[in-house]
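Novice: Dumping the structure here so I can ask a few things about it.
The values are calculated or read from the model by the stated rules, or taken from the named source; none is laboratory data. Note that the coordinates shown come from a computational prediction; the quantities given were computed from them, not determined experimentally. When we count neighbours, we look across all protein chains shown, and the Cβ atoms used for this are built from the backbone with ideal geometry, even at glycine. For accessibility, only protein heavy atoms count, side chains too; no ligands or nucleic acids. Shrake-Rupley method; radii C 1.70, N 1.55, O 1.52, S 1.80 Å.
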Amino acid sequence: MFTYKLSNSPLHRIPAWIKILVVPILSVAVFLFPWYVALSFVLIQFLTACFLSFSIKEQFEDLKPVLFYICILYPVRFVSFALGVKFNSFSKLCSQVFLDKELALVLLKLACIIQGASLIFRTSSSIQLREGIGVIEHAIRKILPFGQKNTVTNVLAMFVCFIPMVSEVWNQSKKAWYCRGGKKGIKMYTTLLPVLFSVGMKKAYSTARAVFIRSE
């Protein structure tokens, strides 16, 4: 999920600071404009990902947070409709919930934003993202009356790279589990989640320590 994919495509060659600035602007635009704008962005970003040779499986993995929200929002909406309005039949209640245009629009816009973030992470390495944030901070410090030394870049870069780091640790843990003959199930998650936490904390500490030493 959100793992950098080495390539020499035009999108890979765009400086990271441009992508970091453009995607949030597009995300805001998605929420301000009508639904067909969000749908257009979803299709454009899907075709862009296909052009960059991102498989359907890779794109689906990046959109898993949307499935997570679906599993939460639809049951909540179902309960709220069931308690707030009287329906003659269960099928009518289900149709009212699952044909809720407002909720579908929120999920569509969320998918669009996650697609944009995916394109950033899959076409920019951690070093490129850190350098891009540094360029933005340095430009801001030139305009505003701050010191010239970048002090926020390291923190923001670590925050931005947190999701790919967790995803990388989780994927490595799953590969090790499957290589040892393990099968997907509840036992896998109960065994690997503590590993994910401990390895992730150790990696985060090592990364923070390395950044601190280099910034002295």
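Novice: Given a 1.4 Å probe and heavy atoms of the protein chains only, how would you sort HIS138, HIS12, largest accessible area at the top?
Specialist: Working: HIS138 70, HIS12 20 Å².
Heavy-atom accessible area, descending, gives HIS138, HIS12.
Novice: Can you tell me the accessible area per residue over region 14-57, all protein chains present, probe 1.4 angstrom, in square angstrom?
Specialist: 65 Å²
Novice: Moving to a separate point now. Would you mind classifying region 1-62 by shape? Square roots of the alpha carbon gyration tensor eigenvalues, ordered a ≥ b ≥ c; an a/c under 1.5 is rounded, otherwise it is prolate if a/b is larger than b/c and oblate if not. Before the final figure, lay out the partial values.
Specialist: Values: a/c = 2.08, a/b = 1.32, b/c = 1.58.
Oblate, because a/c is 1.5 or more while a/b does not exceed b/c.
Novice: Sorted by mean Cβ packing within 10 Å, highest first, what order do the peptides 165-178, 103-116 take?
Specialist: So the order, starting with the most tightly packed, is 103-116, 165-178.
Novice: Further, regarding this structure: Could you list, in their original order, any pairs among LYS57/LYS187; LYS64/LYS202; LYS109/LYS142; LYS19/LYS203; LYS64/LYS101 whose Cα atoms are separated by more than 28 Å?
Specialist: LYS109/LYS142
Novice: Still on this structure: Show me the ranking of peptides 66-73, 14-21 by mean Cβ neighbours inside 10 Å, starting with the highest. Don't skip to the answer; put the middle values down first.
Specialist: Details: 66-73: 13.0, 14-21: 16.6.
Per-residue Cβ counts within 10 Å, averaged per peptide and sorted highest first, yield 14-21, 66-73.
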